[in-house]
1. How many residues are closer than 23 Å to Lys191 by Cα and within 9 Å of the ligand (Cβ to nearest atom) if we restrict to segment 87-98?
2. Quick check on segment 115-149: of everything there that is among the β-branched types (Val, Ile, Thr) and assigned to a helix (DSSP H, G or I), which residue is farthest from Leu187 (Cα to Cα)?
3. Tell me which residues, restricted to segment 156-181, are in contact with an Asp or Glu (Cβ under 6 Å, 6 or more places away or on another chain) and touching a residue at least 40 places away in the same chain (Cβ under 8 Å).
4. Name the residues in segment 213-232 that are modelled with pLDDT of 90 or more and either of a type in the set (A, V, I, L, M, F, W, C) or under 24 Å from Ala351 (Cα atoms) (or both), would you?
5. Take segment 63-80 and flag every residue that is more than 7 Å from the ligand (Cβ to nearest atom) and either among the polar types (S, T, N, Q) or touching a residue at least 12 places away in the same chain (Cβ under 8 Å) (or both).
6. Does at least one position in segment 367-384 carry a residue that is part of a strand (DSSP E or B), in contact (Cβ under 8 Å) with a residue 60 or more places away in the chain, surrounded by fewer than 21 Cβ atoms within 10 Å (Cβ to Cβ) and out of contact with any Cys (no Cβ under 6 Å at 6 or more places or on another chain)?
7. Output yes when any residue across segment 158-165 is buried (at least 22 other Cβ atoms within 10 Å of the Cβ) and modelled with pLDDT of 95 or more, and no when none is.
8. Let me confirm something: among Gln136, Gln127, which residue is in contact (Cβ under 8 Å) with a residue 24 or more places away in the chain and more than 13 Å from the ligand (Cβ to nearest atom)?
Amino acid sequence: MSGDEIDINDLAAYSDDDEDLNEHEKEKETSNGKKDTHVGVHSAGFREFLLKSELLRAIEDIGFEHPSEVQQECIPQAMYGSDLICQAKSGMGKTAVFVLSILQNISPINGQVSCVVLCPVRELAEQVKRVFEAFQKYLDPPVRTHAFYGGIHAEEDRKVLQEGVPHIVVGTPGRVLQLTKEGALDLKNVKFFVLDECDRMLESNDMRSDVQKIFLKTPKSKQVMMFSATLSDEIKRICKKFMVNPKEVYINDGAKLNLAGLQQYYLNLEESQKNRRLVETIDNIQFNQMVIFVKTIPRAETLEKLLVKRNLPTIVVHGRMDQKQRIDRYSKFKKLYWRILVTTELLGRGADFERVNIVINYDMPKDVESYLHRVGRAGRFGTKGLAISYISTKEDKDLLDEVQKKLVVEIKELPNDIDPSTYMTS
Ligand code: ADP
């Protein structure tokens, strides 16, 4: 299709056989519960964790004032060295749990990798690396972190490793395993092993096998920590196989996993009406940034072209894009170069888009868990947000019902007018 010739119905013509990143079968959420609270306004400050002064300084620079509930619960345990399984809803600051505890305890030795953090998606690896860099900046001796992931020439990674081994390796399982197997990356001194979005990595057989192989390259004695917003009992059981007497922290039960501050609506429409309604919504609604999820890569590309053609500042990111371009677009979107991101299930999880306050499920996801992760891209860290799901088939409707039942939430039909103050944080 040429860039200029976009038919409003083109999108509807594509089939849904194309996206391979969401092919996994999932157990549903069954976690047990604790009370659901947000930022601990009355909670103890970061000082009470007795973190190094260099870390406290960085925390101040970054602007964190109070630890969130998950940070309150987990940072002391993680600093103590316990193995940890942590489930807490999206956007509540799980990354800082492992980043701070590792930076507190690490003794960087030149030439040795002390920590491995595995993430399911490249963008997340890059994001986690940046969080390490933000917190480690005052440490002396300095700590070095590098992200390794597919899509970049392995040769570049080998060069990085030859020039100076990072103390902290963040990466996707495939690339980390490749570098380990060929001897470029030596993991025999690892003391901290982290799986971020662990359920996604452990439920896919391929990734799980890579994770296991990497795990076996590390010494027996080390601290293992795993994090996710959703964890089935089956995955918890698998997590525990990697651990010794883990401390288990499950914040808020499945029934309350929907984000407070997030308004959720649905819109009944025909597939062929989706584009028109989307453009209307974008024209009529106030927002900071918006993420639109579609089910396949061709649909994502077509939709981006359509929105760009209408002069809407839109960018697409998907899994079949050149890696450098993918990371570049992702980070520029975070920096507000564009206001609308069209993507697939690829960025459904973990991505921390601070300014996104609207998520549109142009195509419904495959299951409740994905729905939860996707809508969690809006309303990060307790801010307000709006999620709109387009319902055009019986499957969509069934999933919407399941979401309402499982998440104990009422999703209403999208009204004509929504007061922006209800979803825009002023
Ligand atoms: P999760 O991994 O639980 O989905 P992240 O670690 O990505 O969440 O954190 C979500 C957002 O909240 C990030 O922008 C992060 O900088 C911010 N954040 C985390 N902890 C705090 C805190 N204690 N105070 C303020 N902002 C925080």
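1. So in segment 87-98, the residues closer than 23 Å to Lys191 by Cα come out as 87, 93-98.
Next cut, within 9 Å of the ligand (Cβ to nearest atom) only: 93-97.
Number satisfying all stated conditions: 5.
2. So the residue we want is Val131.
3. Pro173
4. Taking segment 213-232 first, the residues modelled with pLDDT of 90 or more are 213-228.
Within segment 213-232, Ile214, Phe215, Leu216, Val224, Met225, Met226, Phe227, Ser228 meet the criteria.
5. Once the filter is applied, which keeps residues that are more than 7 Å from the ligand (Cβ to nearest atom) and either among the polar types (S, T, N, Q) or touching a residue at least 12 places away in the same chain (Cβ under 8 Å) (or both), segment 63-80 yields Glu69, Gln72, Glu73, Cys74, Ile75, Pro76, Gln77, Ala78, Met79.
6. Within segment 367-384 (the criterion being part of a strand (DSSP E or B), in contact (Cβ under 8 Å) with a residue 60 or more places away in the chain, surrounded by fewer than 21 Cβ atoms within 10 Å (Cβ to Cβ) and out of contact with any Cys (no Cβ under 6 Å at 6 or more places or on another chain)), the answer is no, since none of the residues qualifies.
7. no
8. Exactly one residue qualifies, and that residue is Gln136.
The values are calculated or read from the model by the stated rules, or taken from the named source; none is laboratory data. Nothing here was measured: the structure is a model prediction, and the numbers come from that model. Note: ideal-geometry Cβ built from the backbone for every residue, glycine included; neighbour counts use all protein chains shown.
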